[in-house]
Amino acid sequence: MFEIAHKVHDESRQGEAFTPAMTTDDKQFNRRFYIESYGCSMNFSDSEIVASILFNEGFSATRHLHEADLILVNTCSIREKAEQTVRKRLTEFRKLKHQKPSLLIGVLGCMAERLKSKFLEEEKLVDLVVGPDAYRSLPGLIVDADDGQKGINVLLSREETYADISPVRLNSNGITAFVSIMRGCNNMCSFCVVPFTRGRERSRDPESIIKECSDLFNAGYREVTLLGQNVDSYYYNQAAATAPSVPQRGKVHTQPSLSGNTLMDNDTPKSGESALDNPPPEADRGAGFITFAMLLEMVAQISPQLRIRFSTSHPKDITDEVLFTMAKYNNICKYIHLPLQSGSNRILQLMNRSYTREWYISKVDRIREIMPGCGISADIIAGFCTETEEDHQETLRVMEYSKYDMSYMFFYSERPGTLAHRRYKDDIPEEIKKRRLQEIVDLQNKLSQQSNKEDLGKIFTVLIEGDSKKSNKDWMGRTSQNKVIVFPKSIHSLVPGSYVEVRVNHCTQATLLGEIV
Ligand code: SAM
Ligand code: SF4
């Protein structure tokens with residue numbers, strides 16, 4: 001087991017099948033869909049958009065494969081293992097298709113985008129291949145597939161944010177929800193396939209974000225996680241969005257191809273380019289420009305009872321403005337996911353991360369200066385191209401310095417078509433990658449244990465999410481710092497969604513144990 005579970009890429013949720021909450025709507029459903037999701041929170045959030053589109057087309061969801069008229073797999077391409085899991089899963093659907101020839105099978109998400117029509121050639125049982133920006137075309141593609149015509153739409157858009165689609169919450173605890181605030185990524189980290197599978201970065205209209213968060217709050221939700229690949233570069237130009245002459249509006253284009261050696265599209269992000277490479281002048285702010293700090297403040301003002309989290313921050317882009325906004329509002333959770341990837345400047349440069357270890361450390365210092373006690377977690381990759389033992393030791397040293405509460409740890413998996421694939425040799429033998437990863441995991445376990453021990457005796461405000469996994473006599477909730485805490489149900493009036501003060505009495509490496517004070 002070399003990949004570690006977490007809330008953003010939760011291993012325990014991989015392949016999860018969804019059922020929407022019961023509806024009182026008298027809508028007639030004539031067919032059923034089954035959807036399974038893999039990968040990051042963005043994919044799970046996209047499945048809720050897909051469910052909403054299908055719901056409007058008369059499809060209801062089922063958790064049972066044998067009841068389905070349409071099986072969808074929302075896929076991830078980030079590492080080779082994620083793709084292998086999906087391929088294996090598809091073979092399991094073959095028998096169902098034999099039993100029910102009218103059954104349609106569709107592949108959605110990053111793998112659909114990466115492989116495009118190759119998927120239809122390689123996986124004969126697949127009827128639909130739909131990329132992350134083309135979900136609105138699903139109903140039409142389903143009609144064609146019913147007529148025996150295989151359907152594909154992998155067009156990427158510069159505009160699509162699904163802002164007007166109200167997601168159908170799936171497998172929800174009714175308390176916490178993901179809200180997508182932007183799509184795509186303009187960074188070109190050399191190891192990463194995301195800019196190719198999810199296209200150019202675009203920010204969602206803030207009004208629709210506030211409306212979605214307010215609706216969630218009014219429906220009883222008490223925590224929203226604002227999602228984006230790089231939330232710090234959220235940037236919405238209201239003036240441009242309303243002007244009739246915005247040149248790119250509605251333009252749909254295909255993304256640079258991963259299959260060839262050259263990137264074909266003029267819109268291709270340049271190496272290291274980001275939306276903030278050309279930031280707007282300060283004077284423009286307040287003149288129709290909304291930054292991430294401004295958006296955070298707007299969401300925080302919906303209600304002090306609504307907690308706000310966000311993911312993911314990029315060390316090169318996170319600003320003091322964001323940190324001060326976090327510090328100003330109690331309901332913005334004191335937790336930042338700040339991916340490190342590597343602690344070696346040489347490797348960071350090869351990764352095209354646009355920061356140095358010194359820059360990264362200064363961000364950690366700044367977070368702790370502005371918000372003492374703020375939780376910090378990281379993503380770390382072991383065994384990137386040319387990584388030496390000394391590079392690896394530098395990563396361990398930055399981990400020790402940063403004292404992460406937790407980390408999401410991976411060994412490098414070469415992805416076809418990425419900059420690293422084209423420029424560098426994947427030259428670290430697998431056993432060395434795995435040994436280094438294990439050392440990273442061991443150190444993180446030690447740091448997590450230390451971090452939890454430091455919480456002993458402290459009192460935290462906890463949002464109750466539901467019963468603990470082990471016993472319905474205990475509640476499970478989270479602290480502002482995103483730590484899971486379990487405690488006995490000693491007060492009967494409490495329900496999921498209640499806030500309660502809990503003192504930490506014991507801890508394991510992964511969980512705090514406490515009692516209500
Ligand atoms: N946008 C976020 C960022 O920049 O940190 C993360 C996006 S990615 C979905 C999540 C994590 O997967 C990355 O931070 C990185 O650690 C890991 N990852 C991405 N590509 C990888 C690869 N080729 N091999 C191993 N891990 C990879
Ligand atoms: Fe991938 Fe880098 Fe974009 Fe994150 S910031 S999605 S790692 S390219």
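In Å², what does the accessible area per residue of the chain work out to with a 1.4 Å probe?
Details: 21550 Å² over 517 residues.
Result: 42 Å² of accessible area for each residue.
Could you tell me the center-to-center distance, by alpha carbons, between the range 125-148 and the range 393-470 in angstrom?
When both Cα centres are located, 38 Å separates them.
Once you order the gyration tensor axes a ≥ b ≥ c over the Cα atoms, which shape class does the chain get: rounded for a/c under 1.5, otherwise prolate or oblate by comparing a/b with b/c? Before the final figure, lay out the partial values.
Numbers: a/c = 1.33, a/b = 1.15, b/c = 1.16.
Note, shape of the chain comes out rounded.
When the helix-only estimate is applied to the chain (DSSP H runs of n ≥ 4, each -39,500 (n - 2.57), divided by the residue count), what is the mean residue ellipticity at 222 nm, nearest 500 deg cm²/dmol? Provide the component values of the computation, followed by the final result.
Values: 15 runs with 162 residues, N = 517.
It comes out at -9500 deg cm²/dmol, rounded to the nearest 500.
Highest mean first, how do 395-404, 118-127 rank when packing is the count of other Cβ atoms within 10 Å averaged over residues? List each step's numbers first, then the result.
Details: 395-404: 18.6, 118-127: 16.2.
Highest-to-lowest ranking by the protection proxy: 395-404, 118-127.
Using 23 Å as the Cα-Cα cut-off, could you pick out the over-long pairs in Lys403/Lys473; Lys328/Lys453; Lys334/Lys458; Lys328/Lys446?
Details: Lys403/Lys473 33 Å; Lys328/Lys453 27 Å; Lys334/Lys458 16 Å; Lys328/Lys446 32 Å.
Distance filter (> 23 Å) returns Lys403/Lys473; Lys328/Lys453; Lys328/Lys446.
Out of residues 5 or more away from Lys458 or on other chains, whose amide H comes under 5 Å of its own, with H placed 1.01 Å from N in the peptide plane?
Under 5 Å from the amide H of Lys458: Val504.
Run through every distinct alpha carbon pair of the range 46-130 and return the Kirkwood hydrodynamic radius in angstroms, one decimal place. The partial results should precede the final answer.
Details: mean 1/r = 0.0745 Å⁻¹.
For the range 46-130, the Kirkwood estimate is 13.4 Å.
Counting only DSSP beta bridges with both residues in the chain, tell me the antiparallel percent, nearest 5. Display every interim value, and only then the final one.
Details: 29 of 73 bridges.
Looking only at bridges with both residues in the chain, the antiparallel portion is about 40 percent.
Each residue of the range 159-168 in turn: what ³J(HN,Hα) in whole Hz from Karplus with 6.51, -1.76, 1.60 and θ = phi - 60°, glycine and Pro shown as x?
So the Karplus estimates, Gly and Pro as x, are 10, 4, 10, 6, 4, 8, 8, 8, x, 7 Hz.
What residues qualify as long-range amide H neighbours of Phe411, i.e. H under 5 Å apart, gap of 5 or more or another chain, H built at 1.01 Å from N?
For Phe411, the qualifying residues are Ala382.
Filter the chain for me: DSSP H helices, axial length by Cα at least 15 angstrom, mean Kyte-Doolittle hydropathy not below 0.5. List them by residue number. Please report the intermediate quantities before stating the final value.
Numbers: long enough: 41-56 (23 Å, 0.57); 80-99 (31 Å, -1.74); 206-218 (18 Å, -0.23); 357-370 (20 Å, -0.94); 389-402 (20 Å, -1.54); 430-454 (36 Å, -1.60).
Correct list, ordered by number: 41-56.
By residue number, which cysteines of the chain lack any other Cys whose Cβ falls under 4.7 Å from their Cβ?
Within the chain, the cysteines lacking a partner Cβ under 4.7 Å are Cys40, Cys76, Cys110, Cys185, Cys213, Cys333, Cys374, Cys385, Cys507.
State the extension gain, in nm to one decimal, for the chain segment bounded by Ser303 and Gln349, taking 0.36 nm per residue of separation less the distance between their alpha-carbons. Intermediate values should be presented prior to the final figure.
Details: separation 46, 0.36 × 46 = 16.56 nm, distance 4.21 nm.
Taking Ser303 through Gln349 to full extension adds about 12.4 nm, to one decimal.
Work out, step by step, the length gained on full extension between Ser117 and Glu501: first 0.36 nm times the residue separation, then minus their alpha carbon distance; give nm to one decimal. Walk me through the numbers before you get to the answer.
Numbers: separation 384, 0.36 × 384 = 138.24 nm, distance 5.41 nm.
Result for the pair: 132.8 nm of gain on full extension.
FRET efficiency for Glu159 and Asp427, Cβ-Cβ distance as r, R0 = 35 Å, nearest 0.05? Write out the running numbers ahead of the final one.
On the way: r = 40 Å, r/R0 = 1.15.
So the FRET efficiency works out to roughly 0.30.
Multiply the residue separation of Lys434 and Ala327 by 0.36 nm, subtract the distance between their alpha-carbon atoms, and state the gained length in nm to one decimal.
Computed gain between Lys434 and Ala327 is 34.7 nm.
Quote the relative contact order of the range 387-514 in percent (integer), defining contacts as alpha-carbon pairs under 8 Å separated by 6+ residues.
On the way: 172 pairs, mean separation 28.6, N = 128.
Contact order relative to length: 22 percent.
Once label points are set 7 Å from the Cα along Cα→Cβ at both Glu207 and Arg366, what is their separation, rounded to one decimal in nm?
About 3.3 nm, to one decimal.
I'd like the carbon and sulfur percentage of the solvent accessible area for the chain, probe radius 1.4 Å, heavy atoms only, ligands and nucleic acids excluded.
On the way: 11170 of 21550 Å².
Of all accessible area on the chain, carbon and sulfur atoms account for 52 percent.
Under the definition of Cα pairs under 8 Å and six or more residues apart, what whole-number percent is the relative contact order of the range 174-237? If you can, show how the numbers build up before the last one.
Working: 92 pairs, mean separation 32.2, N = 64.
Averaging sequence separation for qualifying contacts and normalising by length gives 50 percent for the range 174-237.
Based on the Cβ-Cβ distance of Ser493 and Ile459, what FRET efficiency does E = 1/(1 + (r/R0)^6) give at R0 = 22 Å, to the nearest 0.05? Before the final figure, lay out each step's value.
Numbers: r = 19 Å, r/R0 = 0.88.
Efficiency, rounded to the nearest 0.05: 0.70.
Which value in nm describes the separation of the simple spin-label points at Glu414 and Gln450, placed 7 Å from the Cα toward the beta carbon?
3.6
Can you tell me what share of the DSSP beta bridges in the range 364-483 is antiparallel? A percent to the nearest 5 is fine. Walk me through the intermediate numbers first.
Details: 4 of 10 bridges.
So the antiparallel bridges in the range 364-483 amount to around 40 percent.
The values are calculated or read from the model by the stated rules, or taken from the named source; none is laboratory data. Keep in mind that what you see is a predicted model, and the values were worked out from it rather than measured. Every residue, glycine as well, gets a Cβ built from its backbone with ideal geometry; the counts of neighbours run over all protein chains shown. The area values use the complete protein model at the heavy-atom level, side chains included, leaving out ligands, DNA and RNA. Shrake-Rupley method; radii C 1.70, N 1.55, O 1.52, S 1.80 Å.
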